Amino acid sequence: MGMRKVLTLLFFLGCCGLGAELLLPNETPAAVTGICSNCHTMHNSQQGLPVAYTLDGSGQPILRETPFPQLLKTDCVGCHTNAGPETIVLEGTTRIPIVYNLTQPTYPPDGSSASTLAGGNFHWLSQGDSFGHNVHGITGPDPRFSFAPGGKSRPEGCMHCHGTLATPQSGCQGCHVPHHHAGGPGEVAKRQAGWYRFLGSVMQAADAKPNPPPEGVIGIEDPDWEQNPAADRHNTYQGHGGGYVNYLESGSISQKCAGCHGIFHAGTAADSAWIRHPVDHTIPDTGEFADFTLYNPMVPVARPGVEAIDANFSAVDHNSDMVSCVSCHRPHGSPYPALLRWGYRDWPGTDSHTGEAAFNGCAVCHTAKD
């Protein structure tokens, strides 16, 4: 039997609820595993009712007659939302990371089933626009800005991705280009693996390209999406020292952020003094930085040229590892303004979210500042 017939048979069996996991011999385990019908519907019809759905504000499904592309049952928000606090849920045998909990998840991450995942959570947008990215399907545009802070006005066709994520033309896919059946957690996610967390060039979708273009973020994903992070159990992010030349040519996660927030990447005065905190800037081994030796998942650092050997590294490599945008921010959202990872404004007092002594994340790198 040819490979195409095998794939067709497995797809049919899965969508009828009869198949096992879609894994072929000698194939790398896919990022999404399980029977096809966990995520797809053949005809958008089950017992006379539609199968495709979106979610209302309380997390209840709203059935829709129009199916989603790729025969999906729901959209990004519908799949990655949970009315409860659990941040990894099962759809059949398929594990789904949750980025929008209607019930408050646990923060900071503590390894519980409700522990906030690496990218943060859109839950805290309920506290105000400054607590998360404004993404279509979750919330409306932030009235304080006409385009992304640190960015600039662009032609209308570009603003949907480089100015705001709150329009129907952008949303989740303003950052993510879904490639769910490519490489999975634990491997270096480059082009053929669909890039790290599918953070590739959105021009792939705009140009209807069949394969990921050669621009995207490189990294290694923790199998539990950092639900229970530790110094030797975490994501690995790629950084890139120096300036950027072309869009996403470096594989740096900070360069992805710079697509909208470019002015925050680097800013110096005439005397070369920093006027904004730098990113993709290496951590020196002198002064207060010399004592920063153990990786801290609350304040992650990026690593140049990520390879498999870099997975779960626990020792900070001075003059090589670097600060990145995600060292200080959770891209989906957090309990703190500006999507910060900790209560920057609360230290040295009481943390406004936890009610305990505030964590001083700055002192993880700037060890003399505690």
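The values are calculated or read from the model by the stated rules, or taken from the named source; none is laboratory data. What you see is a predicted model, and the numbers here were worked out from it, not measured in a lab. Every residue, glycine as well, gets a Cβ built from its backbone with ideal geometry; the counts of neighbours run over all protein chains shown.
Observations on the model:
- If you go through the range 82-94 and keep only what is surrounded by 16 or more Cβ atoms within 10 Å (Cβ to Cβ), over 17 Å from residue 72 (Cβ atoms) and without any contact (Cβ under 8 Å) to a residue 60 or more places away in the chain, you end up with 82, 85, 86.
- Scanning the range 112-135 for residues being assigned to a loop (DSSP other than H, G, I, E, B), surrounded by 13 or more Cβ atoms within 10 Å (Cβ to Cβ) and not hydroxyl-bearing (Ser, Thr, Tyr) gives a total of 7.
- Considering only residues in the range 52-72 that are in contact (Cβ under 8 Å) with a residue 24 or more places away in the chain and among the hydrophobic types (A, V, I, L, M, F, W, C), the one that is surrounded by the most Cβ atoms within 10 Å (Cβ to Cβ) turns out to be 55.
- Residues that are of a type in the set (D, E, K, R) and crowded, with 23+ Cβ neighbours inside 10 Å, drawn from the range 304-340: 330
- Qualifying positions in the range 174-192 - within 24 Å of residue 100 (Cβ to Cβ) and touching a Phe, Trp or Tyr at 6+ places or on another chain (Cβ under 9 Å): 175, 176, 177, 178, 179, 180, 182, 185, 189
Table: residues versus (1) over 16 Å from the mean Cα position of the chain (by Cα); (2) modelled with pLDDT of 90 or more; (3) more than 20 Å from residue 304 (Cβ to Cβ).
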residue: 207; (1), (2), (3): yes, no, yes
residue: 210; (1), (2), (3): yes, no, yes
residue: 236; (1), (2), (3): no, yes, no
residue: 249; (1), (2), (3): yes, no, no
residue: 258; (1), (2), (3): no, no, no
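- Residue list for the range 273-315, restricted to those being under 23 Å from residue 342 (Cβ atoms) and hydroxyl-bearing (Ser, Thr, Tyr): 282, 293, 295, 314
- Checked against (1) assigned to a loop (DSSP other than H, G, I, E, B); (2) touching a residue at least 24 places away in the same chain (Cβ under 8 Å); (3) closer than 27 Å to residue 111 by Cβ, residue 318 meets all criteria but (3).
- Any hit, the range 276-287, residues being in a strand (DSSP E or B) and at pLDDT below 95: yes
- Residue 329 vs. criteria touching a Leu at 6+ places or on another chain (Cβ under 9 Å) and modelled with pLDDT of 95 or more: yes
- Meets criteria (touching an Asp or Glu at 6+ places or on another chain (Cβ under 8 Å), over 17 Å from residue 225 (Cβ atoms) and among the acidic types (Asp, Glu)) for residue 142: yes
- Residues of the range 92-120 that are under 18 Å from residue 60 (Cα atoms) and in contact with a Cys (Cβ under 7 Å, 6 or more places away or on another chain): 96 alone.
- For the range 261-275, the set of residues classified as part of a loop (DSSP other than H, G, I, E, B) and either surrounded by fewer than 16 Cβ atoms within 10 Å (Cβ to Cβ) or at pLDDT 90 or above (or both) consists of 267, 269, 270, 271, 272, 273, 275, listed by residue number.
- Scan of the range 331-370 for residues that are more than 17 Å from residue 129 (Cα to Cα) and assigned to a helix (DSSP H, G or I), ordered by number: 362, 363, 364, 365, 367, 368, 369
- Check on residue 349, out of contact with any His (no Cβ under 6 Å at 6 or more places or on another chain) and at positive phi: no
- Condition met for residue 359 (closer than 24 Å to residue 110 by Cα and modelled with pLDDT of 95 or more): yes
- Every condition in (1) closer than 23 Å to residue 308 by Cβ; (2) in contact with a Pro (Cβ under 9 Å, 6 or more places away or on another chain); (3) charged (D, E, K, R) is met by residue 197 except one, and the failing one is (2).
- The condition of being free of Cβ contacts under 8 Å to residues at least 12 places away in the same chain, surrounded by fewer than 17 Cβ atoms within 10 Å (Cβ to Cβ) and at negative phi holds for residue 356.
- Among the residues of the range 81-125, the ones that are at pLDDT below 95 and either closer than 18 Å to residue 230 by Cα or touching a His at 6+ places or on another chain (Cβ under 6 Å) (or both) come to 0 in all.
- Unmet criterion (only one of (1) part of a helix (DSSP H, G or I); (2) crowded, with 19+ Cβ neighbours inside 10 Å) for residue 138: (1)
- Screening residue 201 against (1) crowded, with 20+ Cβ neighbours inside 10 Å; (2) within 27 Å of residue 298 (Cα to Cα); (3) at pLDDT below 90 leaves a single unmet condition, (2).
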